[in-house]
Amino acid sequence: MKLLGIGSRINHSEFGFGVVTNVDNKHYWVTFQKNGLETISLNEEIEIIEAVDDEVDTVSLYEVEKSLRTILKKWSDVSEVVPIADKFKGGKLIIEPADTNLTSKEIPIDTFFHKVVMVRDRIRVMEQKINSSKTLDDQDKIDLQQYITRIYGSLTTFNVLFKLKTDHFIGAKSK
């Protein structure tokens, strides 16, 4: 049996999707998407999604974590935790109709913000799927990417809700 190298992607019957982050003569250290770091025996039954040859290589923990984050973001539909701006925490969104005979609607702003983040994350997943598509030609990818950029631009109004600028929507840059 050939050893899997660091960076190999696997699927485990109990722990799910994970990435090998260390290997010794008896165990794999695997960081699983849902369970975090687990140690499994080398002869345990696993599905190999992508094998990396076992090489002697010095990789920093930072590089492993960075690679793992990239892989998990690429292959997962899980949202990252995005903080709402402090000034809006616990607030509410009030929607007032022009017709005074109708009632207004109140929504906790945290709920609304969570929906905005979910939209952003799903657009990002769609963007990744477009860019990695093997059936779309380059011109189709460019055309679809321009639509995605316009969608981000339409959503920049919601940037005020984000605590960190790095989480903002960014549309096409003006020239």
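Bear in mind that the values in this text are calculations on the coordinates, not laboratory data. These figures come from a predicted structure and were not determined experimentally. Methodologically, a virtual Cβ is constructed for each residue, glycine included, from the backbone with ideal geometry; neighbour enumeration extends over all protein chains shown.
Kirkwood radius for the chain, taken over all pairs of different Cα atoms as the inverse mean of 1/r, rounds to 19.7 Å.
For the range 110-159, the Kirkwood estimate of the hydrodynamic radius, built from every pair of different alpha carbons, is 11.8 Å. Each label point was placed 7 Å from the Cα along the Cα-to-Cβ direction; for ILE170 and ALA85 their separation is 1.9 nm.
Per residue, the average separation of C-alpha pairs within less than 8 Å and at least 6 apart gives the chain a relative contact order of 15 percent. Here LYS26 is the anchor, and the aspartates and glutamates within straight C-alpha reach of less than 15 Å, apart from those fewer than 8 places off in the same chain, are GLU38, GLU44, GLU45, ASP54.
Would you mind computing, in nm to one decimal, how far apart the modelled labels at SER104 and SER133 are, each placed 7 Å from Cα along Cα→Cβ? A separation of 4.4 nm, rounded to one decimal place. Pairs from the list LYS89/LYS115; LYS115/LYS163; LYS66/LYS89; LYS141/LYS163 with a Cα-Cα gap above 26 Å: LYS66/LYS89; LYS141/LYS163. Taking each DSSP H run with n ≥ 4 as -39500 (n - 2.57) and averaging over every residue of the chain yields -11000 deg cm²/dmol at 222 nm.
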